[in-house]
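This report concerns only the one structure given below.
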């Protein structure tokens with residue numbers, strides 16, 4: 001004789017007759033009609049994504065499966081399990097009053113039919129499954145962002161029944177199941193753990209289940225979008241050290257352009273993050289990179305000042321040798337020379353005197369500073385990277 005996999009029409013008639021005297025407001029007793037109702041819970045994650053650090057939340061599309069024993073439906077005498085998805089019929093059966101404690105928004109799926117199923121076994125075991133799209137809050141610690149590891153949770157709790165009446169517990173077999181091809185845009189799920197989170201209030205203790213998702217942020221996106229561009233901007237700012245000291249327009253344009261570029265890059269990164277009271281890893285990186293670019297601009301300003309600076313003693317000496325005197329008085333310009341048919345200017349007179357190279361050490365100092373900067377700036381940046389990356393990549397810190 002073949003064993004039926006699913007109930008027949010006759011089984012549905014038997015269930016209808018039983019439900020006429022069934023009170024869905026009363027909790028089913030535990031096994032042997034003793035103790036609270038025990039509900040086994042299981043979560044199947046269909047999609048996991050849209051983790052937003054700015055709003056501190058994430059979206060999940062999941063199936064919630066709950067199992068419990070209802071002795072009032074154990075004597076229906078059905079021949080095989082019955083699958084019920086008629087909303088009117090489902091409403092006639094008692095179901096656990098549970099809610100997601102850390103959910104910010106929830107949607108029940110109706111496409112193309114209400115996504116709900118109640119499976120009644122011949123022995124009174126009930127499987128209640130429904131599909132939900134939820135937005136959960138996830139309080140993230142962004143101290144190591146974007147090198148961080150986050151822990152986001154799903155909390156399922158009893159709404160109105162204390163542990164004296166209703167006890168929730170995770171399924172022993174697979175409490176949390178992830179879709180086989182589940183992939184997150186910016187994270188990798190390292191581990192999933194389950195635990196209890198019972199809470200005690202004035203009315204009593206309420207049962208609560210917690211699933212924790214340990215997420216490691218993927219570095220590929222941020223390496224390409226944040227770190228690599230800023231490194232290139234810093235390196236470009238060092239090109240100024242290889243330009244001639246007198247190439248003022250080129251060095252000023254290069255310095256100002258790189259400073260504005262890295263500033264706008266920092267603003268773009270911060271626009272995707274919430275304002276927090278602590279310094280993040282990306283803040284340290286952007287701050288140091290901005291400092292290197294700004295210091296390169298200051299270096300040019302100082303070098304240019306040294307290059308153009310003339311010692312006071314040398315200015316006085318040139319003034320004495322370049323004076324054009326007549327009639328015992330010092331002339332400021334050629335027009336003050338007396339006119340005797342013609343004005344003759346000494347060939348050695350120069351309105352813009354220059355210094356002998358051996359008399360001005362400032363220019364050699366300026367060139368020396370440029371040569372030192374060509375090596376010093378890259379070495380200092382390399383030392384910063386050797387400190388930054390091990391420090392923030394160390395998960396045990």
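The values are calculated or read from the model by the stated rules, or taken from the named source; none is laboratory data. Just so we're clear, the structure is a prediction, and the values are computed from it rather than from any experiment. Neighbour counts are summed over all protein chains in view; Cβ atoms, including those assigned to glycine, are modelled from backbone coordinates with ideal geometry.
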| message | Tally up the residues in the stretch 90-115 that are modelled with pLDDT under 90 and within 20 Å of residue 175 (Cα to Cα), please. | response | 0
| query | List the pairs whose first member sits in the stretch 182-205 and is within 23 Å of residue 148 (Cβ to Cβ) and not assigned by TED's automatic domain parsing to the domain that holds residue 150, whose second member is in a strand (DSSP E or B) and modelled with pLDDT of 90 or more, and whose Cβ atoms are under 9 Å apart, counting only residues at least 6 apart or on separate chains? | reply | none
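Does the stretch 114-123 include one or more residues that are in a strand (DSSP E or B), farther than 18 Å from residue 67 by Cα, in contact with a strand residue (DSSP E or B) (Cβ under 7 Å, 6 or more places away or on another chain) and assigned by TED's automatic domain parsing to the domain that holds residue 74?
Of the stretch 114-123, the ones in a strand (DSSP E or B) are 116-120.
Applying the additional criterion that residues be farther than 18 Å from residue 67 by Cα yields none.
Taking every residue of the stretch 114-123 in turn, none turns out to be in a strand (DSSP E or B), farther than 18 Å from residue 67 by Cα, in contact with a strand residue (DSSP E or B) (Cβ under 7 Å, 6 or more places away or on another chain) and assigned by TED's automatic domain parsing to the domain that holds residue 74.
Residues are listed down the side, and each one gets a yes or a no for (1) modelled with pLDDT under 90; (2) touching a helix residue (DSSP H, G or I) at 6+ places or on another chain (Cβ under 8 Å):
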position: 274; (1), (2): yes, no
position: 288; (1), (2): no, yes
position: 304; (1), (2): yes, yes
position: 308; (1), (2): yes, no
position: 315; (1), (2): yes, no
position: 331; (1), (2): yes, no
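Among 139, 129, which is the only one that is surrounded by 15 or more Cβ atoms within 10 Å (Cβ to Cβ) and either in contact (Cβ under 8 Å) with a residue 60 or more places away in the chain or assigned to a strand (DSSP E or B) (or both)? Talk me through it step by step, then tell me what you get.
Values: 139 fails: surrounded by 15 or more Cβ atoms within 10 Å (Cβ to Cβ).
That would be 129, the only listed residue that is surrounded by 15 or more Cβ atoms within 10 Å (Cβ to Cβ) and either in contact (Cβ under 8 Å) with a residue 60 or more places away in the chain or assigned to a strand (DSSP E or B) (or both).
Are any of the residues in the stretch 223-231 closer than 30 Å to residue 100 by Cβ and surrounded by 15 or more Cβ atoms within 10 Å (Cβ to Cβ)? Don't jump to the end; show me each part of the working.
To start, the set of residues in the stretch 223-231 that are closer than 30 Å to residue 100 by Cβ comprises none.
There is no residue in the stretch 223-231 that is closer than 30 Å to residue 100 by Cβ and surrounded by 15 or more Cβ atoms within 10 Å (Cβ to Cβ).
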